[in-house]
Structures are given as C-alpha cells and as structure tokens.
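Peer 1: Below is a structure I'd like to ask you about.
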C-alpha cells in the first residue's frame, strides 16, 4: 500500500509538473487577462487530448469565468456568437503543427470581444500579415519562441460610425424673411441676344455618314468646305447639258445615257431641275 501510494503520488506530481510547464510558457501579462474572462483554447492535430485536458484543468485555477476547448477543424462549424470570448489561447501544445489561416483568424476575430487578447504558437513567417488582414492590432511576434500575441480593436465587427466631415448640410433662410421679400433672379436676364437668335439650317447640317458635324473622308456635300471656311456653304445644284440638242423632244430623240430619260418633253431653253437620284447611276 505504501508503494502504491508512492507511485500514485509521483504520477500526481508528474501531472502537475506537466501542466505547470504549459502555463509557464504563457507570459504573465497574458495570464492576468484571463481572470474573470471567457477563454477559448484551440488545439490541433498531433496534440494529445490528455495534455489538452490537463491544461484546461490547470487553467481553471486562473479564476476564469468560463473555459471552452475547440479543435481547429471544428471552430468554424461550431458557429459561436459574435463577441463571445475575452481571450484565445491557440496551438500551445506540441508539436504546434496547426496553421492559423486567414479564414481561421477571421472567424476568431469575429467571436472575440473588443480589446480581446489572442496568444498562440505559429512557425510561419506570414502570421503577422495574416493577423493584420484579419483585423487584429497591437501585434507582437517572437520569432525565437515561434509565438505571437495580438488584440482585437475597440469596436465591434461590422459596426459603423459617421465621420465628422460627413454631417449633412442643411440650407435654410432666415425665419424673418417671407417670400415677398426674397429677390429672385429673372430667368430672361440670364440670356443675351446671341442666345435668342435662331440658328440657320446650314449650321445644323451634319454628315450623312458620320451622323455628326464632322465631314467624312470622301465628303462631297460641301460640309468639309464649310467647316474649313468656318462659314455655311450652300449646296450647289447640278445642271445637266445636252450634247445632241434634241433632249427636249422626248425619249424617242434621247440617247441611252441622257439624264432626261423618263421625263416628259419640254420647251427649248426651259430650265429643268434634276433630282440627285437621276444624276447618280444605279449600282
């Protein structure tokens, strides 16, 4: 019986030694933040569940109000409410193989209270950048210890605040003024004589190809000359001349290329106006 008591006593001391060594790895300023707080303990693959349990029991001596233990792979699935934990102790157990991904850190910052504290182990050079991107501040990384600590900001996730320069401006007139005493601007005074002039039709002409007041490459309507001269150019009418002198007699006396084909006979010397379509061949 004495031997058995000695063995059990040694095991008890060994268990206490293991847990005290685990707590000894946590800085004193972190332990002081655990008192009366809700603490989340995260552990990953490769760690012994017995070590996690012993650590949790020893952690209860720090007068924590509540201790919750979660595996890294189960944290997001647990769906903890916003602003639940005052402190998070992460990946403190050997062999420290768990990685703090950006997705995981974003979930941690969501469920932590304002000015909350996280302390953990990480063998990655990106931990500082990932903590910043997730929203943590006051980040401290100890490369020799492969440890880090950070705080959540002093505002809730998703909260908003109106900026000082974004206050709405309200324009108002004095209460002592009435409508009859307010001098309004006459709209007609805003226009001068040039505004009242009706523009000429030539100045409103646009190119049939471009649809704008800009001449096309092969301009033949006079718009190019008008824009170059800076003054409207009236389009010139095309006149047809007869080489045989018999066009006025009718189609029976007209040649095959006569521009008067299809038109009735007319008196000699009479002015005949041809349309643009008659002067252009059918293609």
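Peer 1: Given the conditions (1) surrounded by 10 or more Cβ atoms within 10 Å (Cβ to Cβ); (2) modelled with pLDDT under 75; (3) over 30 Å from residue 117 (Cα atoms), which single one is not true for residue 176?
Peer 2: (1)
Peer 1: Show me the helices (runs of 4 or more DSSP H) found entirely inside the range 1-100 where at least 3 residues are modelled with pLDDT of 85 or more, surrounded by 11 or more Cβ atoms within 10 Å (Cβ to Cβ) and in the same structural domain as residue 145 (by TED's automatic domain parsing).
Peer 2: So the answer is 49-59, 72-78.
Peer 1: Just checking, does the range 258-281 include any residue being at positive phi, surrounded by 10 or more Cβ atoms within 10 Å (Cβ to Cβ) and modelled with pLDDT of 70 or more?
Peer 2: Checking the range 258-281: not a single residue is at positive phi, surrounded by 10 or more Cβ atoms within 10 Å (Cβ to Cβ) and modelled with pLDDT of 70 or more.
Peer 1: Among the residues of the range 134-154 satisfying the criterion of being under 15 Å from residue 25 (Cα atoms) and touching a strand residue (DSSP E or B) at 6+ places or on another chain (Cβ under 9 Å), which is surrounded by the most Cβ atoms within 10 Å (Cβ to Cβ)?
Peer 2: 148
Peer 1: From 140, 118, which residue is assigned to a strand (DSSP E or B) and more than 30 Å from residue 50 (Cβ to Cβ)?
Peer 2: Within the list 140, 118, the selection yields 140.
The values are calculated or read from the model by the stated rules, or taken from the named source; none is laboratory data. On a predicted model such as this, the values are computed, not experimentally measured, just so you know. Don't worry about glycine lacking a Cβ; one is built from the backbone with ideal geometry, like all the others, and counts go over all protein chains shown.
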